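A quick write-up on the structure given underneath.
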Amino acid sequence: MKTTLIALSMGVAAAALAAPVAAEYPTRPIQMIIPFGPGGATDLSARALSTPLSRIMPQPIVLTNRAGAGGATGSVAVRDAAGDGYTLLLARVGSHTVNPAMNPNLPYTLDEFRFVGIYEINPVACVVNSNSDFHSIDDLINAVNERPGEILYSSSGVGSLPHFGALMVLDSFGITDLDENVIHIPTEGDGQALTAVLQGTSDFYCGSTSPAAPFINGGQMRPLMVTSAERLDGFDAPTVDEIGKPELQALVGWTGLAGPADLTDEATEKWGDWLAEAVEDEDFQRFMTSGGSIVQLMSPEESVEFVNSAYESFRRLVVALDLEID
Amino acid sequence: MPAAPEPLAFDGVHMLSRRDELLIGLGVMVIGAAILWWIIPNYITTPRRVPIRALSPAFWPKIIAWTIIVCGGVLSARALFAPAPPDAVTDDLSVSRPEGLRLLALGAILLGIYFALPIVGMVWVSMIAFALLVLLSGGKHLAWGMIAAVVLPLLLYFFFTKVAGVAIPQGQIVRLP
Amino acid sequence: MTFIEALSAGFVMVAQWESIFFLALGVTIGVVAGAIPGMSATMAVALTLPFTFALQPIFGILLLLGVYKGGIFGGSIPAILIKTPGTPASSATALDGYPMAEQGRAGEALSMSLYASCIADLISNLALIVFAAWLASFALNFGPPEMFTLIVFSLTIIAGVSGDSLVKGVVAAALGLLLATVGLDFIAGTERLTFGSVDMRGGLNFIAVLIGLFALPEIIAYMRKSAAQDHRVRGMGYSRLKMVDFRRSLKSIFRGSAIGVFLGAIPGIGAAPSAFLSYSEARRASPNRDNFGKGEIEGVAAAEAGNNGVAGATLIPLLSLGIPGDVITAIIIGAFMVHNLTPGPLLFVNNADLVYALFIGLIASSFLLLIIGSIAIRAFRYIADVPSNLLFPGVLVLCIFGVYAVNNSIFDVAVMLVMGVVGYIMLLLRFPAAPFLIGFILGPMLENNFRQALLMSRGDLSIFARGPITILFLCMTVISVVLIIRSTVKAARLKRELGAYGEKSAMHGPKT
């Protein structure tokens, strides 16, 4: 309520000041809101992107961390901002696919945002400790079937990608009553979730490749499968196609830019051009690929379609398996 | 052993009067009870399925509320039965008239800061608040105070926006570069 | 590569003027950023990160480490001078540092904090170099049950910072614990005490609560009494640290460093519990026990040692396991990854020269901190000479900007203002603020680890005694509680006997 008011008044101010100047769209710095804390995967991705962007764009970008409630606080702040293109959101799979699909009490919906472009795709990998007895995804599934209610998996929180990812994978292998048969251990971030696997608190983790990459490279963890179409460098594990579960390709992380629903066409168009140029930057590419991500720019239309289809497939599963948070 | 200078410690143990302590104890118990029987049931959502009772979202808050109630009981009992130490200095909680007025004015300034922030902008609000507080606290060093009231918010503004990249709220009236 | 080859290769990497330059630059950025409330070390490291992409790996990482080290010390400057700790970790420093500043001994407190920081930092770095492998495997044994018992033990430090009334301290801590439950539930994801507000879903911001609780009550109290108080000139800042004071604090500094190293090596605990634990242990062991909280220099030394002792040790899980111990080290992982370096066991094999270069750089950073810190103290202590009626309005403005900057949220400013009023009421009614803060910091760790452990065991409480570590901490907790109750009862009896004899002076204990 208060934020609405604040954001509204800021928007009015912005509009009032922007109106008399007939110049082209960015006439003042643009604020990019990161709905997660500094140092997280989204934050690092945004900061890496902003470096080439600031060279291309006529106005500076101000990166703003607005963390809280699994990305909801920052997302709401952008939803309530004016659609003049001076406030944009770093949207991510957690805040804009998994959480909306799992949490009916979320204070925003996907329709309240207009996507400018998705620029990063992050396949999901299921990983276990190298000391673990599980050498393939089948070992894991067999273990869950043999010892129901004893296998633990960690995630970066309720309604996060690793929370949903593990359930989606298990479901595709025909495991029912997920609530009873596997145990979810939420933690406060991907780092903690992986630490839990490393120290044996949790048996496996199905989340983005980027936080898991150092542990795979270091030989402390073993990947069981990846959800990309092709095999990934450094991840010596079969793809979902090879396993025969192509439907799991829908399970990927992504990062993109979005504005409020009434974002102007002019801003959307310009951002498309800027993003296209920024993602070609070598340093940016190097940073993203070193973390196991795939740099892939989508047009606004493709982005919306991509997000909606991911949402639809997640939502179907949530309803079918009764996974809603309430 | 060097005796540390401690002008504050010489006037004994500062205490509140027995009546005040009793009221505090009872007040703590009332707060604890309100949390337990009013706030927790109404403002903590418990999910449909709670496999283990200790995992319910209300479990910890309930323990905390009980702790508060018990401590409130101990405080009240102590105020009723335990004698005060002999060198205790009883502090008076009453507020004199000029003090009360100043506190009221300060409260008004703090409230004003919060509501004016989004409209007027952080820099201008800070300048006004600074100047008002200098006046409120007796108005000594007035000239320096007014200079600082203008300079400090501007300095902070330029530091945070230009160096740290934080978008300081600008308000709707006058925008800074 | 043999050890000697790696070591000398590492030495060559550091012994370039650029390495020292970037390290010094980092420390300077860190100290300045840490000295500004709201500009925490975390934020400074995050802001510096993009600049390291273009640098050589060793320079970039040294720059970030410099910012980290500088930032942790920098936080103690405003904690001492204006009771506005920039980070939760430096709030323990404010407990004795600010009373010292009020007595005109700010210069002493600042110097002590710098020396304690540098010594603890050096010890922590040495521990990293010598014990990294051993401490890392120890830290891996810390699952949720171990963490829970450790935090329960840490809660006994409330007794050390409660002042006159232990019961009031417990009430304050309980309120802190309760406030920490605001937000989305960790396990169920449902709303707790949010009262329907979107802002509250994310919980209350650390820094906003901290600054509201510590800095604002001072401002309110000053404003209320300003006319009567004005004759008391704070004029200070130039007092020098006495050698005797330094020497008698050394034991606390070493103890604090050890606590910091131990807690820093365990991922996810952070510097604040370490600072408080070190402070409370120093108080327990000190003959000047009663002076703690009233301007005891040993308290400043202990708090800062506990705080900085963590800084080198958090790199233990980072370098040897690839686990980030806190948010800052998580960002530093990013810097490693950009340069295709993977923190973890293989780093010592594949990039041994870099690892040794980092070690040498870390040792150098302790000395650079000493130099840059003493310059910073000289620059900042002029704040101590600012007349109160200009200082307090300035502090308020600084707090507003700083708290806003942490999360770009006006709601956080509101939280700070409300907590200021709450803190003032607590001050009036003699409820200590420090236990409240400890409850607020430890609350989520306590609850989350408890619930994670029960999830692991499916509700079986015996998991809390599953191994030697948990049993050790449970025993330590019981012993502490018994000792606390005994000394409280003894103090009460002493008071009563004194009442019977009408003696007055003996209240001040052995030192008078």
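If you check C:10, C:30 for being assigned to a helix (DSSP H, G or I) and within 14 Å of another protein chain (Cβ to nearest Cβ), only one passes: C:30.
Residue check: is residue A:92 under 30 Å from residue B:167 (Cβ atoms) and either without any contact (Cβ under 8 Å) to a residue 60 or more places away in the chain or open to solvent by 10 Å² or more (accessible area, probe 1.4 Å) (or both)? Show your work before the answer.
Working: under 30 Å from residue B:167 (Cβ atoms): yes; either without any contact (Cβ under 8 Å) to a residue 60 or more places away in the chain or open to solvent by 10 Å² or more (accessible area, probe 1.4 Å) (or both): yes.
Here the answer is yes, as residue A:92 does meet what is asked.
Counting only helices (runs of 4 or more DSSP H) wholly contained in region C:277-342, the ones carrying 2 or more residues that are touching a Lys or Arg at 6+ places or on another chain (Cβ under 9 Å) occupy C:297-313, C:327-338. Scanning region C:12-41 for residues that are open to solvent by 40 Å² or more (accessible area, probe 1.4 Å) and within 16 Å of residue C:56 (Cβ to Cβ) yields C:12, C:13, C:15, C:16, C:17, C:18, C:20, C:21, C:25. Those helices (runs of 4 or more DSSP H) of region B:62-177 in which at least 1 residues are basic (Lys, Arg) and away from chain A (no Cβ under 14 Å), considering only elements entirely within it, cover B:97-120.
Do we have any residue at all in region A:276-285 that's surrounded by fewer than 15 Cβ atoms within 10 Å (Cβ to Cβ) and among the small types (Gly, Ala, Ser)? Yes, some residue in region A:276-285 is surrounded by fewer than 15 Cβ atoms within 10 Å (Cβ to Cβ) and among the small types (Gly, Ala, Ser).
What is the residue count in region A:301-316 for residues that are in contact (Cβ under 8 Å) with a residue 40 or more places away in the chain and open to solvent by 30 Å² or more (accessible area, probe 1.4 Å)? Steps first, answer last, please.
Restricting attention to region A:301-316, the residues satisfying the condition of being in contact (Cβ under 8 Å) with a residue 40 or more places away in the chain are A:302-304, A:306-311, A:313-315.
Filter again for open to solvent by 30 Å² or more (accessible area, probe 1.4 Å), leaving A:302, A:304, A:306, A:308-309, A:311, A:315.
Residues meeting the conditions: 7.
Counting only helices (runs of 4 or more DSSP H) that sit completely within region A:259-326, those holding 2 or more residues that are modelled with pLDDT of 90 or more correspond to A:265-278, A:300-321.
Tally the residues that are more than 7 Å from chain C (Cβ to nearest Cβ), open to solvent by less than 30 Å² (accessible area, probe 1.4 Å) and not small (Gly, Ala, Ser), restricting the search to region A:185-197. Residues that pass the stated criteria total 3. Tallying residues that are more than 7 Å from chain A (Cβ to nearest Cβ) and surrounded by fewer than 24 Cβ atoms within 10 Å (Cβ to Cβ) within region C:336-348 yields 4. Considering (1) open to solvent by 30 Å² or more (accessible area, probe 1.4 Å); (2) over 30 Å from residue C:356 (Cβ atoms); (3) at pLDDT 85 or above, the lone condition that residue C:163 does not fulfil carries the number (3).
Considering only residues in region C:170-189 that are within 21 Å of the chain's Cα centre (by Cα) and open to solvent by less than 10 Å² (accessible area, probe 1.4 Å), the one that is nearest to the other protein chains (Cβ to nearest Cβ) turns out to be C:174. Residues in region C:421-453 that are among the β-branched types (Val, Ile, Thr) and touching a Gly at 6+ places or on another chain (Cβ under 9 Å): C:421, C:422, C:438, C:441. Among the candidates C:354, C:390, C:362, the residue that is on the phi < 0 side of the Ramachandran plot, without any contact (Cβ under 8 Å) to a residue 40 or more places away in the chain and open to solvent by less than 30 Å² (accessible area, probe 1.4 Å) is uniquely C:390. Cβ-Cβ distances below 9 Å connect the following pairs, each with a first residue in region B:35-59 that is in contact (Cβ under 8 Å) with a residue 12 or more places away in the chain and assigned by TED's automatic domain parsing to the domain that holds residue B:72, a second residue that is assigned to a helix (DSSP H, G or I) and open to solvent by 50 Å² or more (accessible area, probe 1.4 Å), and a separation of six or more residues or different chains: B:35/B:62; B:36/B:62; B:36/B:66; B:40/B:62; B:58/B:41. Of all residues in region A:60-75, those satisfying the criterion of being closer than 22 Å to residue A:29 by Cβ and within 7 Å of chain C (Cβ to nearest Cβ) are A:64, A:65, A:66, A:67, A:73.
Reported count of residues in region C:340-351, each being over 22 Å from residue C:134 (Cβ atoms) and modelled with pLDDT of 75 or more, is 1. Would you be able to say whether some residue in region C:69-77 is open to solvent by 10 Å² or more (accessible area, probe 1.4 Å) and either of a type in the set (S, T, N, Q) or touching a helix residue (DSSP H, G or I) at 6+ places or on another chain (Cβ under 7 Å) (or both)? Yes, that holds for at least one residue. Does residue C:469 count as crowded, with 17+ Cβ neighbours inside 10 Å and either in contact with a Ser or Thr (Cβ under 6 Å, 6 or more places away or on another chain) or over 29 Å from residue C:271 (Cβ atoms) (or both)? Taking the combined requirement at face value, the residue does not satisfy it. Scan region C:66-88 and tell me whether some residue there is closer than 30 Å to residue A:54 by Cβ, part of a helix (DSSP H, G or I) and touching a Phe, Trp or Tyr at 6+ places or on another chain (Cβ under 8 Å). Yes, some residue in region C:66-88 is closer than 30 Å to residue A:54 by Cβ, part of a helix (DSSP H, G or I) and touching a Phe, Trp or Tyr at 6+ places or on another chain (Cβ under 8 Å). For region C:289-321, filtered to residues that are within 14 Å of chain B (Cβ to nearest Cβ) and open to solvent by less than 10 Å² (accessible area, probe 1.4 Å), the residue that is farthest from residue C:31 (Cα to Cα) is C:291. Restricting region C:393-430 to residues that are hydroxyl-bearing (Ser, Thr, Tyr) and surrounded by 24 or more Cβ atoms within 10 Å (Cβ to Cβ), which is modelled with the lowest pLDDT? Per the stated criteria, the residue is C:409. Check residue A:223 against each of (1) open to solvent by 10 Å² or more (accessible area, probe 1.4 Å); (2) more than 14 Å from every other protein chain (Cβ to nearest Cβ); (3) out of contact with any Cys (no Cβ under 9 Å at 6 or more places or on another chain); (4) not hydrophobic (A, V, I, L, M, F, W, C) and name the one condition it does not meet. Status for residue A:223: all satisfied but (3). Within region C:190-221, restricting attention to residues that are in contact with a strand residue (DSSP E or B) (Cβ under 8 Å, 6 or more places away or on another chain) and of a type in the set (A, V, I, L, M), the residue that is least open to solvent (accessible area, probe 1.4 Å) is C:193.
Considering (1) crowded, with 16+ Cβ neighbours inside 10 Å; (2) in the same structural domain as residue B:109 (by TED's automatic domain parsing); (3) of a type outside the set (Gly, Ala, Ser), the lone condition that residue B:140 does not fulfil carries the number (1).
The values are calculated or read from the model by the stated rules, or taken from the named source; none is laboratory data. Values in this document were obtained by computation on a predicted structure and should not be read as measured data. Neighbour counts run over all protein chains shown; Cβ positions are idealised from the backbone, glycine included. Ligands, DNA and RNA are stripped out before the accessible areas are found, and what is left, the full protein with its side chains, is counted by its heavy atoms. Shrake-Rupley method; radii C 1.70, N 1.55, O 1.52, S 1.80 Å.
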